[in-house]
1. Work from the charge dipole of the chain (Cβ charges, +1 for Lys and Arg, -1 for Asp and Glu, about the Cα centre) and give the residue of G107, V49, G219 farthest towards its positive end.
2. Where does each of W267, W157 land when they are ordered by accessible area, with a 1.4 Å probe and the largest first?
3. On average, how much accessible surface per residue is there in region 50-121, in Å², for a 1.4 Å probe, leaving out ligands, DNA and RNA?
4. Normalising by the residue count of the chain, find the relative contact order in percent from Cα pairs under 8 Å and 6+ residues apart.
5. Hey, what number do you get for the chain at 222 nm if only DSSP H runs of n ≥ 4 count, each worth -39500 (n - 2.57), divided across all residues, to the nearest 500?
6. Given Cα pairs under 8 Å that are at least 6 residues apart, what percent is the relative contact order of region 8-147?
7. Evaluate the charge dipole of the chain about its Cα centre and quote only its size in Debye, nearest 20, assuming +1 on the Cβ of each Lys and Arg and -1 on the Cβ of each Asp and Glu.
8. Let me know the whole percent of all Cα-Cα pairs from region 4-71 that are separated by more than 18 Å.
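The values are calculated or read from the model by the stated rules, or taken from the named source; none is laboratory data. All values reported here derive from a predicted model rather than from experimental measurement. Positions of Cβ are backbone-derived with ideal geometry, glycine not excepted, and every protein chain shown enters the neighbour counts. Side chains included, ligands, DNA and RNA excluded: accessible areas come from the protein's heavy atoms. Shrake-Rupley method; radii C 1.70, N 1.55, O 1.52, S 1.80 Å.
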Amino acid sequence: MSPATVDALVAQARRTLTTAGIASPDADAVELAAFVLGLDPGEVRLRMVLRAPVVERDATRLRDLVADRATRVPLQHLTGRAYFRRLTLAVGPGVFVPRPETEVTAGLAVEAAWAAGPAPVLVDLCTGSGAIALALADEVPGSTVYAVELSPAAHAWAVANRDRLGLDVDVRLGDATTAFDDLVGVVDVVVSNPPYIPDGAVPLDPEVRDHDPEVALYGRSADGLAVPLAVAARAARLLRPGGVLVMEHADAQGETLPAALRATGEWGVVLDHLDLAGRPRTTVARRALVGHPAAEPVSRPTLGP
Ligand SMILES: C[S@@+](CC[C@H](N)C(=O)[O-])C[C@H]1O[C@@H](n2cnc3c(N)ncnc32)[C@H](O)[C@@H]1O
């Protein structure tokens, strides 16, 4: 029997994944082949053109992974890796898989950090795999980056990613709504992709519904904004006057989140931004100068005679 070839295996994988309802069957088939063969996707496509042979052991491994993917196990759980801006992160059960739209949120935080001047202090609240915090440490030279995560399992992934990538981030285990007492009023940029799905709005995709941790998904109120607003309130405490909050949200929250932030009186300019698909995705808010704890006088003048 002649050996399997890359093109035939990928074509079969594509058919299987299409039948299973996978949204990106071609990209997933090529990524799984790349993972099994130890190549990058471009090299896989070149070998498809050349109809390069594949040894039986690799062909069997690829068919098994495609079968798992067809049961809607996330692609990134099968390969153990997720691409995020310039980084490749390790991911798996117990941690939220970073999404492409969050790369836009991270990019807005990077721009805010660059604009903050030399040696900015940056905080990622709800860090998950560490994706945003590690991207900040990678892309903002001279910055000091902190991150916090509530779930011990996710925290362990973030620490492992930090150590493997060799990036300098202080990754803490804790609650973002009370974290960093040591950083009150001194942070230049707070970024967060908090859980924001409205309670009861169970995601349709099995990859999300059955594999992302619940604590990573639901915003703990009917509108999904309870956790995001509690996180934003903490951000307001941590930021220096004029500091910037960058917060991701659901596309349906593009007006409600900015409106809720404006209503607190803690924020000056509040603007919303679109993701690459043109959907409302990220709110950027500048901490007001008036009413900021750091703007209060340290001691009040004595009144009276
Ligand atoms: C949507 S995921 C985002 C993870 C990561 N920032 C990303 O963009 O890939 C939200 C994360 O927030 C964490 N989380 C939920 N509530 C939290 C809280 N009160 N304090 C800290 N982390 C929290 C979840 O465990 C999860 O890792």
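1. Toward the positive end, the furthest listed residue is V49.
2. Sorted descending by solvent-accessible area, the residues read W157, W267.
3. With the other protein chains kept in place, region 50-121 gives 48 Å² per residue.
4. Numbers: 570 pairs, mean separation 39.5, N = 305.
Relative contact order for the chain comes out at 13 percent.
5. -12500 deg cm²/dmol, from helical runs alone.
6. Numbers: 151 pairs, mean separation 23.4, N = 140.
RCO, region 8-147: 17 percent.
7. Values: 28 positive and 38 negative charges, 48 e Å.
Roughly 220 debye for the chain.
8. Of all Cα-Cα pairs in region 4-71, 24 percent lie more than 18 Å apart.
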